[in-house]
Amino acid sequence: MEHIVIIGNGIAGVTAARHIRKNSDKKITLISAESDAFFSRTALMYVYMGHMRWKDIEPYEEHFWDKNLLERKSGYVQQVDVTSKTLHFADGATLAYDKLIIASGSTTQTFGWEGLELEGVQGLVTKQDLEKLEKNAPNKEVCQRAVIVGGGLIGVELAEMLHTRGIAVTMLVRENAFWGGTLPQGEAAMISRHILSHGIDLCHETNLDKILGDENGRVRGVLTKAGEEIECQLVGIATGVKPKIDFLKDSGIETDKGVLVNRMLETNIKDVYSIGDCAQQREAIGNRKPVEAVWYTGRMMGEALAQTLCGKTFEYKPGHWFNSAKFFDIEYQTYGWVFSEKSKPEHEAHFHWKHEDDTKCITVAYNKETGAFLGINTFGIRMRHEVFNRWLTAEKDVDFVINNLKAANFDPEFYKHYEKEILRAYQKTAKKEIV
């Protein structure tokens with residue numbers, strides 16, 4: 001019986017395992033040093049906040065693994081020998097495979113700051129990170145203030161988590177508005193104001209110089225590039241993630257930032273594949289980054305590779321870009337491509353509308369030469385993914401999209417409508433009437 005070994009039991013690895021099992025009787029082994037069972041990584045924050053218990057974020061009951069003949073091994077893979085098709089573990093154990101799927105995920109990205117080794121300095125990516133956070137910041141008596149280095153989605157989640165326990169939070173972000181390297185300025189500025197309104201000390205255009213420790217090896221503060229010292233008991237590193245592939249060194253498997261794969265998710269080594277956060281496309285797909293640490297792309301890669309391994313060759317095609325997140329009380333959705341001012345191409349123009357309550361806005365990106373709709377960001381207004389996906393495929397123009405926003409409203413029965421107000425603002429900006 002062919003033995004498929006999967007390093008990593010996150011969304012990519014588990015999806016691959018599930019779909020291989022649906023279509024074959026191959027022997028499947030999932031390896032993880034993080035947890036015995038798959039859990040919803042995006043829900044880690046809700047465990048800390050008390051909204052969910054750990055067992056609530058494990059979608060599969062214990063019997064699921066035995067019922068589906070999915071073997072699990074707990075351990076850290078230290079070396080991959082592709083010649084003998086053998087994995088070597090940190091504890092000295094070995095495991096042979098016929099086909100290997102590398103789905104080892106990602107880890108916190110750091111930039112060599114002094115003091116990273118101090119107790120109380122951590123990221124927020126893994127189960128172990130959550131356990132560290134419970135130890136480092138259980139309450140405001142133990143942790144009076146936390147400093148979060150970096151913004152983005154992990155940073156704002158960590159800020160909200162700590163805020164729910166009454167812990168004072170300072171955030172250091174490089175840009176003049178939150179997530180300004182990704183969001184257009186109007187959106188980034190609105191999110192900055194919203195974060196500030198929650199009592200977060202958001203410091204724009206501020207860079208970390210080094211992390212300061214006490215005589216016991218514990219963090220006591222940070223020093224900024226401007227020379228300001230901020231006292232704290234926790235430093236949260238939220239400067240992005242990177243593929244976790246250190247164990248592949250000298251394996252012969254080609255890597256760059258991640259494990260290099262083609263559209264079939266094959267590496268340069270026969271019978272070795274890679275999916276999820278740790279995989280890097282040799283050639284980027286459209287405007288997508290070669291490495292995408294996104295939940296749904298990991299799932300899609302797992303599904304695609306499972307088809308190939310079960311005899312039906314299947315190319316990974318993620319389709320139109322989309323994503324969603326939450327900035328405290330403001331929900332965010334994006335469909336298609338809306339670039340920030342510093343990274344948008346020459347042909348891209350934006351229409352931006354913001355509600356007077358300063359918690360809702362949209363930005364529509366379009367080709368200023370052809371009028372083609374390129375993408376939309378929405379904040380505080382829920383829209384339907386399938387509608388925008390259809391419009392992007394059909395290459396609708398911006399006038400059509402603005403005039404038909406009602407059709408994309410997520411729940412017209414219960415949600416307040418802003419389409420007429422948005423249409424009026426667009427017509428005024430475009431200096432034309434849309435029928």
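The values are calculated or read from the model by the stated rules, or taken from the named source; none is laboratory data. The structure presented is a predicted model; accordingly, all values stated were derived computationally and were not measured. All Cβ positions, glycine included, derive from the backbone under ideal geometry; neighbour counts span all protein chains shown. Surface areas here come from the heavy atoms of the whole protein model, side chains and all, with no ligands, DNA or RNA. Shrake-Rupley method; radii C 1.70, N 1.55, O 1.52, S 1.80 Å.
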### Message
Every residue in the range 179-188 that is within 22 Å of the chain's Cα centre (by Cα) and in contact (Cβ under 8 Å) with a residue 40 or more places away in the chain, please.
### Response
Gly180, Gly181, Thr182, Leu183, Pro184, Gln185, Glu187, Ala188
### Query
How many of the residues in the range 274-296 are of a type in the set (Val, Ile, Thr) and over 16 Å from Asn262 (Cβ atoms)?
1
### Task
Name the one entry in Lys360, Lys354 that is open to solvent by less than 40 Å² (accessible area, probe 1.4 Å), among the basic types (Lys, Arg) and more than 20 Å from the chain's Cα centre (by Cα).
Lys360
### Task
Give the residue, chosen from Thr308, Thr297, that is open to solvent by less than 40 Å² (accessible area, probe 1.4 Å), more than 17 Å from Thr182 (Cβ to Cβ), part of a helix (DSSP H, G or I) and not small (Gly, Ala, Ser).
Thr308
### Query
Pairs, please: C-beta under 7 Å, at least 6 apart or cross-chain, first residue in contact (Cβ under 8 Å) with a residue 24 or more places away in the chain and in the range 135-146, second exposed (fewer than 15 other Cβ atoms within 10 Å of the Cβ)?
Lys140/Gly166; Arg145/Glu231
#### Entry: Residue that is nearest to Lys210 (Cα to Cα), among those in the range 220-235 that are open to solvent by 10 Å² or more (accessible area, probe 1.4 Å) and among the aliphatic types (A, V, I, L, M)
Leu223
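Looking at Ile148, Ile195, Ile191, Ile211, which one is open to solvent by less than 30 Å² (accessible area, probe 1.4 Å) and over 22 Å from the mean Cα position of the chain (by Cα)?
Every option except Ile211 fails the conditions.
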### Task
Could you check how many residues of the range 151-163 are more than 19 Å from Leu208 (Cα to Cα) and buried (at least 23 other Cβ atoms within 10 Å of the Cβ)?
3
### Query
Of the residues in the range 318-351, how many are open to solvent by 60 Å² or more (accessible area, probe 1.4 Å), assigned to a loop (DSSP other than H, G, I, E, B) and free of Cβ contacts under 8 Å to residues at least 12 places away in the same chain?
1
### Query
Considering only the range 247-265, how many residues are among the charged types (D, E, K, R) and out of contact with any Ser or Thr (no Cβ under 9 Å at 6 or more places or on another chain)?
4
### Summary
Among residues of the range 364-377 being part of a loop (DSSP other than H, G, I, E, B) and of a type outside the set (S, T, N, Q), the residue least open to solvent (accessible area, probe 1.4 Å) is Gly371
### Task
Would you confirm whether any residue within the range 371-394 is of a type outside the set (A, V, I, L, M, F, W, C), in contact (Cβ under 8 Å) with a residue 40 or more places away in the chain, in contact with a Ser or Thr (Cβ under 6 Å, 6 or more places away or on another chain) and at positive phi?
yes
### Query
Looking at the range 378-393, which of its residues are open to solvent by less than 60 Å² (accessible area, probe 1.4 Å) and either among the small types (Gly, Ala, Ser) or closer than 18 Å to Lys360 by Cα (or both)?
Thr378, Phe379, Gly380, Ile381, Met383
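Being over 27 Å from Lys344 (Cα atoms) and surrounded by fewer than 23 Cβ atoms within 10 Å (Cβ to Cβ), is that true of even one residue in the range 168-183?
Among the residues of the range 168-183, at least one is over 27 Å from Lys344 (Cα atoms) and surrounded by fewer than 23 Cβ atoms within 10 Å (Cβ to Cβ), which makes the answer yes.
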### Query
When the range 411-435 is examined, which residues are found to be surrounded by 11 or more Cβ atoms within 10 Å (Cβ to Cβ), in contact with a helix residue (DSSP H, G or I) (Cβ under 9 Å, 6 or more places away or on another chain) and of a type outside the set (S, T, N, Q)?
Pro412, His417, Tyr418, Glu419, Ile422, Leu423, Tyr426, Ala430, Ile434
